[in-house]
Amino acid sequence: MSEQPYVKQNINNQIATIEFFHPAHNSLPGDLLAQLANTITEAGNNEDVKVIILQSGGDRTFCAGASFSELISINDEKTGEVFFSGFANVINAMRKCPKFIIGRIQGKTVGGGVGLASAVDYCMATKYAEIKLSELNVGIGPFVVGPAVERKLGLSGMSQIAIDANSFYKAEWAKNKGLFAEVYETLEELDEAVLTLASNLCQYNPEAMKEMKKVFWTGTEDWDELLKERAKISGRLVLSAFTKKKLESYK
């Protein structure tokens, strides 16, 4: 496998598979987040596509969240806001996409990665797909991804993992809370199930799925503005003495 970061799309039998990769445990810097948002939007507008699969490269970590090297280099509020808006833009692209998006979560997912898993329309995982919201641990919080995570886990589940920022929660816990529709023993079983669901969805009326998606996302119409405001909060907090000191200790 290439060790170069990428976002790529493959369209086969009306299924668009969008895959992202970064050698640092599939963490996402700003340029990859922008590519990911654009690729999702393009697939949503492509008449040859009926359903989208979102996945990451490799067979271990699904997504380690924000790029640590970019996080540590933020020195002003505007840069911070732009940085945290990256995940906001991907979440909003998924929310507005008129096609159903299936999430394939093969392994651990942290921070912004939990936000991505929460923003797909149907999420399937392996038993290794533990989740963690680690933001509070570095002096910020899961502000940008919070609305998407809360929408899937409920306020109780979201606040539990946001407060307990050092712990990974098992895939079965995430399934019981409604984040994962199903948890599989192996990657092979996961891939088979994802492809089966995607193929079945291709047989359905795209107009019906488009209208269903609108209904599912009712109440999120203010997210363009809401997530922008949340990005500002994170952008301010990342400059705090507490966070700067904490990030330095991780170097």
Would you check if residue 165 is among the small types (Gly, Ala, Ser), touching a strand residue (DSSP E or B) at 6+ places or on another chain (Cβ under 9 Å) and either more than 24 Å from residue 238 (Cβ to Cβ) or crowded, with 18+ Cβ neighbours inside 10 Å (or both)? no
Residues satisfying the stated conditions in region 187-218, i.e. surrounded by 12 or more Cβ atoms within 10 Å (Cβ to Cβ) and not in a helix (DSSP H, G or I): 202, 204, 217
Within region 162-215, the count of residues that are in contact with a Ser or Thr (Cβ under 7 Å, 6 or more places away or on another chain) and under 27 Å from residue 98 (Cβ atoms) comes to 2
Search region 30-57 for residues being closer than 26 Å to residue 80 by Cβ and among the β-branched types (Val, Ile, Thr), and hand back the single one that is surrounded by the fewest Cβ atoms within 10 Å (Cβ to Cβ). 41
Residue list for region 153-185, filter: part of a helix (DSSP H, G or I) and either in contact (Cβ under 8 Å) with a residue 60 or more places away in the chain or closer than 18 Å to residue 123 by Cβ (or both): 153, 154, 157, 158, 161, 171, 172, 173, 174, 175, 176, 177
How many residues does region 2-24 contain that are farther than 30 Å from residue 203 by Cα and touching a residue at least 40 places away in the same chain (Cβ under 8 Å)? 3
Any idea how many residues of region 219-235 are of a type in the set (Lys, Arg) and surrounded by fewer than 15 Cβ atoms within 10 Å (Cβ to Cβ)? 0
Please verify whether region 133-140 includes one or more residues that are surrounded by 22 or more Cβ atoms within 10 Å (Cβ to Cβ) and part of a strand (DSSP E or B). no
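Residue by residue, here is whether (1) modelled with pLDDT of 95 or more; (2) touching a helix residue (DSSP H, G or I) at 6+ places or on another chain (Cβ under 8 Å) holds:
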| residue | (1), (2) |
| --- | --- |
| 64 | yes, yes |
| 69 | no, no |
| 75 | no, no |
| 80 | no, yes |
Which condition number does residue 228 fail, the rest of (1) out of contact with any helix residue (DSSP H, G or I) (no Cβ under 7 Å at 6 or more places or on another chain); (2) under 29 Å from residue 83 (Cβ atoms); (3) basic (Lys, Arg) being met? (1)
Quick check on my filter: what residues within region 22-48 are closer than 20 Å to residue 120 by Cα and among the aliphatic types (A, V, I, L, M)? 28, 32, 33, 34, 36, 37, 40, 43
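One line per residue, one yes/no per condition, for (1) within 14 Å of the chain's Cα centre (by Cα); (2) closer than 17 Å to residue 26 by Cβ:
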residue	(1), (2)
65	yes, yes
78	no, no
102	yes, no
137	no, no
Mind listing whichever residues of region 31-47 are of a type outside the set (S, T, N, Q) and either within 17 Å of the chain's Cα centre (by Cα) or under 16 Å from residue 101 (Cβ atoms) (or both)? 31, 32, 33, 34, 36, 37, 40, 42, 43, 44
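The values are calculated or read from the model by the stated rules, or taken from the named source; none is laboratory data. Just so you know, these numbers come straight off a predicted model, no measurement behind them. Counting neighbours? That spans all protein chains shown, and the Cβs are built from the backbone with ideal geometry, glycine included.
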